[in-house]
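Asks: Starting off with a structure, shown below.
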Amino acid sequence: MDSSKFLIIGANGQLGTALRQKYPDAAAVDSSELDITDSKAVAAYDWSNVSAILNAAAYTNVDGAETAEGRIIAWKVNAVGVANLTRTAIANDIPLVHISSEYVFDGTQVPHHEDESVSPLSVYAQTKAAGDTAALIHGKTYVLRTSWVIGEGQNFVRTMIGLAGRNISPTVVGDQIGRLTFTSTLVDAVDQVLSTSAAPGIYNVSNEGEAVSWADVTRAIFSLMGRNDLTVTDTTTAEYFAAKPESAPRPLQSAMDLAKIKATGLELRDWHDDLQQYIHNELNQEVK
Ligand SMILES: NC(=O)c1ccc[n+]([C@@H]2O[C@H](COP(=O)([O-])OP(=O)(O)OC[C@H]3O[C@@H](n4cnc5c(N)ncnc54)[C@H](OP(=O)(O)O)[C@@H]3O)[C@@H](O)[C@H]2O)c1
């Protein structure tokens, strides 16, 4: 596997950044260098030396996708853009690794298996489901479905660290249940499917460990920060979003069955262990 021939798309996002760290020799493009919604630009790109497409690009603003403007961008990036990449992957007969979300499900089944029918609640979720459908037309596509991604960028853990820094005891949703996925885990999964030539198709990917609520994750963050003076008050999704009717609906159950990716030989770390390391790094970063 020659990773210098990989092309990382969406290079500056949370996952794109982690992929660049894993594969420093790979080519990597952000949206200014390759806008995946532009079919002509995608067709004109020199694919002759690309051995695999790693698509970390997406419109990830879940609430923004509910707006008139965001809805259009979300469909363009998450559905049309993925179709453009799929067409190219087919034409060049190269694997496409695409990242999806457990938001494609309405969250009524638990845990989510790879063969569950999609039932998206929000515009973002609909566009991700459409992207999956397009990507899977190619016989060499890996769709890695993931949840609650934490890496280099704006994310839930960083938001809660910021609240702690301002001595705020937050009210957090206690009825959305899932597991964090650190970008290192996602990158390991990308590497695993490609390096083992795993069977193409859908794979669920998150960290291992107990499935918990966002409120529980917040308690773990504060505890690992040594901020047990802060309290976390549970609220329900319905209560939290009653005041924000413009927000996107979210699935209540995000936990995924991980047996398929583990059967490839990949060992998944407990989210709590990676959270501890992440917070250690973040706090050391702040001190410097
Ligand atoms: N974040 C989560 O909690 C979560 C949960 C489940 C699944 N996922 C999925 O995981 C994947 C990675 O998420 P992430 O958190 O790493 O996302 P992210 O940090 O929001 O990064 C997304 C990247 O996509 C790029 N992009 C947007 N429009 C583009 C376009 N038209 N052409 C090329 N690049 C474009 C952006 O680049 P520019 O800044 O240059 O525009 C950005 O760097 C996504 O597929 C997402 O749907 C995420």
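Coordinate-derived values only; no laboratory data. Just so it is clear, the structure is predicted and the values come from calculations on it, not from any experiment. In this analysis, Cβ positions are derived from the backbone assuming ideal geometry, glycine residues included, and neighbour counts consider all displayed protein chains.
Asks: Any idea how far the Cα center of the stretch 146-176 sits from the one of the stretch 54-128, in Å?
Replies: The stretch 146-176 and the stretch 54-128 have Cα centres separated by 23 Å.
Asks: Right, next: Note down, for the stretch 64-110, the three equivalent ellipsoid semi-axes (square root of 5 times each alpha carbon gyration tensor eigenvalue), biggest first, whole angstrom. Can you show the working numbers first?
Replies: Numbers: eigenvalues 121, 65, 7 Å².
Largest first, the stretch 64-110 gives 25, 18, 6 Å.
Asks: Also, I was wondering about something else. Using a simple spin-label model with points 7 Å from Cα along the Cα→Cβ vector, what separation in nm is obtained for HIS280 and SER197?
Replies: Reported label-point gap for HIS280 and SER197 is 3.8 nm.
Asks: Related question: Quick one: give the max-minus-min coordinate of the C-alpha atoms of the chain along each principal axis, largest first, in Å.
Replies: Over the chain, Cα extents along the principal axes are 57, 40, 36 Å.
Asks: Still on this structure, I have one more. Take the Cα radius of gyration of the stretch 163-288 and divide it by 2.2 N^0.38 Å, with N its residue count; two decimals is plenty. Show your work: numbers first, answer last.
Replies: Working: Rg = 17.0 Å, N = 126, 2.2 N^0.38 = 13.8 Å.
So the stretch 163-288 has a normalised radius of gyration of 1.23.
Asks: Sorted by packing (mean other beta-carbon atoms within 10 Å per residue), highest first, where do 235-245, 66-76, 124-134 land?
Replies: 124-134, 66-76, 235-245
Asks: For the stretch 60-205, treating each Cα as an identical point scatterer without solvent, what Debye log10 I(q)/I(0) comes out at q = 0.14 1/Å?
Replies: Debye curve over Cα of the stretch 60-205, log10 I(q)/I(0) at q = 0.14 Å⁻¹: -0.75.
Asks: Let me ask something additional. Rounded to two decimals, what is Rg over Rh for the stretch 1-85 when you use alpha-carbon atoms and the Kirkwood radius? Intermediate results must be reported in sequence, preceding the final value.
Replies: Working: Rg = 13.3 Å, Rh = 13.3 Å.
Here the Rg-to-Rh quotient is 1.00.
Asks: Let me ask something else. So what is the relative contact order of the chain, in percent, for Cα pairs below 8 Å that sit 6 or more residues apart? Spell out each step's value before the answer.
Replies: On the way: 542 pairs, mean separation 56.1, N = 288.
Taking the mean separation of contacting Cα pairs over the length of the chain, I get 19 percent.
Asks: Still on this structure, please answer the following. Cross-link list LYS76/LYS128; LYS5/LYS40; LYS5/LYS140: which exceed 18 angstrom alpha carbon to alpha carbon? Show your work: numbers first, answer last.
Replies: Details: LYS76/LYS128 11 Å; LYS5/LYS40 22 Å; LYS5/LYS140 16 Å.
Long pairs (Cα-Cα over 18 Å): LYS5/LYS40.
Asks: Can you tell me the 0 to 90 degree angle between the C-alpha axis of helix 156-165 and the longest principal axis of the chain, rounded to 10?
Replies: 30
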